[in-house]
Amino acid sequence: MSLSRIAPLATVALTVLGATVVHPLPAFAAGPTNDTLAGTTTLGAVPTTVSADTTQATTDADDTALNADCGAPATDASVWYQFTPAADGNYLLGLNADYSAGAIVATGGPGAWQVEGCAPGGVGFSATAGTTYTILVFDDQTDGAGNGGHVDVTLEPAPPTPEVSVSVDPTARFQKDGSVLLTGHVTCTAGAQTEIDADLTQRVGRLLIRGFGSAFPACADGSAQPWSMAVSGDNGLFRGGKAASVTFAFACGAFDCGTDFTTFTVKVSGGKG
């Protein structure tokens with residue numbers, strides 16, 4: 001038995017030996033309405049979270065063109081959003097997905113895209129009031145399986161830039177391995193990821209001995225925290241006496257980093273004069 005055509009209905013009726021048998025057609029999930037650039041979903045006031053099932057979403061030439069300045073490994077199962085802020089500010093776009101999701105944020109349009117940020121898992125960007133930002137959320141396929149899935153897209157203002165202030169203790173001392181132990185204190189916004197980098201220089205005869213060190217203290221409660229680092233000379237040995245330090249501190253949050261620096265002359269104790 002053959003069928004000349006199948007009507008676009010939820011069931012198909014077949015007559016077999018005089019009896020009518022009704023067979024349901026398999027159901028297919030419709031793709032998301034914002035699967036293409038033409039169907040872009042507008043995001044309103046922030047903070048906001050929207051959800052999407054992208055298992056039936058596709059990729060097309062608009063995805064490829066926008067990804068040209070980002071370089072994501074794939075833009076499969078993509079969906080489109082746009083956002084026009086009422087005020088200047090920094091924003092975070094977060095993705096909570098059951099697949100490896102990435103995002104691109106751009107201004108402009110086809111043929112004249114300007115990528116403002118792109119990254120796996122979400123992206124931060126600076127926005128200007130009245131400017132429309134186009135957002136592409138996609139499956140970058142770094143997990144090596146499937147096409148999309150469930151994704152929650154959250155857009156919210158970025159937190160303030162972390163604050164940081166660094167100081168260097170006036171004395172430093174030699175250690176058994178020949179390095180100089182440089183110490184100080186740092187005050188920074190609680191929860192920030194903090195790094196301190198220091199250059200130490202000392203005139204020894206005709207040579208200018210240089211060394212570099214780093215420390216990663218925790219910013220627990222916003223109070224001053226001690227830090228220390230070992231600095232070894234890159235082109236010779238430090239000696240007892242005065243040495244100049246240039247110390248930089250970075251405290252980074254979800255969007256950007258606060259910075260501070262200080263120059264200080266320390267007295268190195270021990271070693272040969």
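The values are calculated or read from the model by the stated rules, or taken from the named source; none is laboratory data. Note that the structure is predicted; figures quoted are calculated from it, not measured. Backbone-built Cβ (ideal geometry, glycine too); neighbour counts: all protein chains shown. Quick note on the areas: whole protein, heavy atoms, side chains included, nothing else; ligands and nucleic acids left out. Shrake-Rupley method; radii C 1.70, N 1.55, O 1.52, S 1.80 Å.
Take 52-59, 112-119 and order them by the average number of nearby Cβ atoms within 10 Å per residue, most first; the result is 52-59, 112-119.
Peptides 145-155, 73-83 ranked from most to least packed, by the mean per-residue count of other Cβ atoms within 10 Å: 73-83, 145-155. Note on T128 and A74: the extension gain reaches 16.6 nm, defined as 0.36 nm multiplied by sequence separation minus the Cα-Cα distance. Ligands, DNA and RNA left out, the 1.4 Å accessible surface of the chain is 54% carbon and sulfur atoms. Computed with a 1.4 Å probe over protein heavy atoms only, the accessible surface of region 115-182 comes to 44 Å² per residue.
The calculated 222 nm mean residue ellipticity attributable to helices in the chain amounts to -500 deg cm²/dmol, summing -39500 (n - 2.57) over DSSP H runs of n ≥ 4 and dividing by all residues.
Rolling a 1.4 Å probe across the protein heavy atoms gives region 211-273 an accessible surface of 55 Å² per residue.
Remark on R173: its backbone amide H falls under 5 Å from those of L181, S269, a criterion applied only to residues 5 or more positions apart or on other chains, H modelled at 1.01 Å from N. Charge tally around G222: other residues with Cβ under 15 Å, Lys/Arg +1 each, Asp/Glu -1 each, net -3. With a ≥ b ≥ c the root eigenvalues of the C-alpha gyration tensor of the chain, is it rounded (a/c under 1.5), prolate (a/b larger than b/c) or oblate? Since a/c reaches 1.5 and a/b is larger than b/c, the shape of the chain is classed as prolate.
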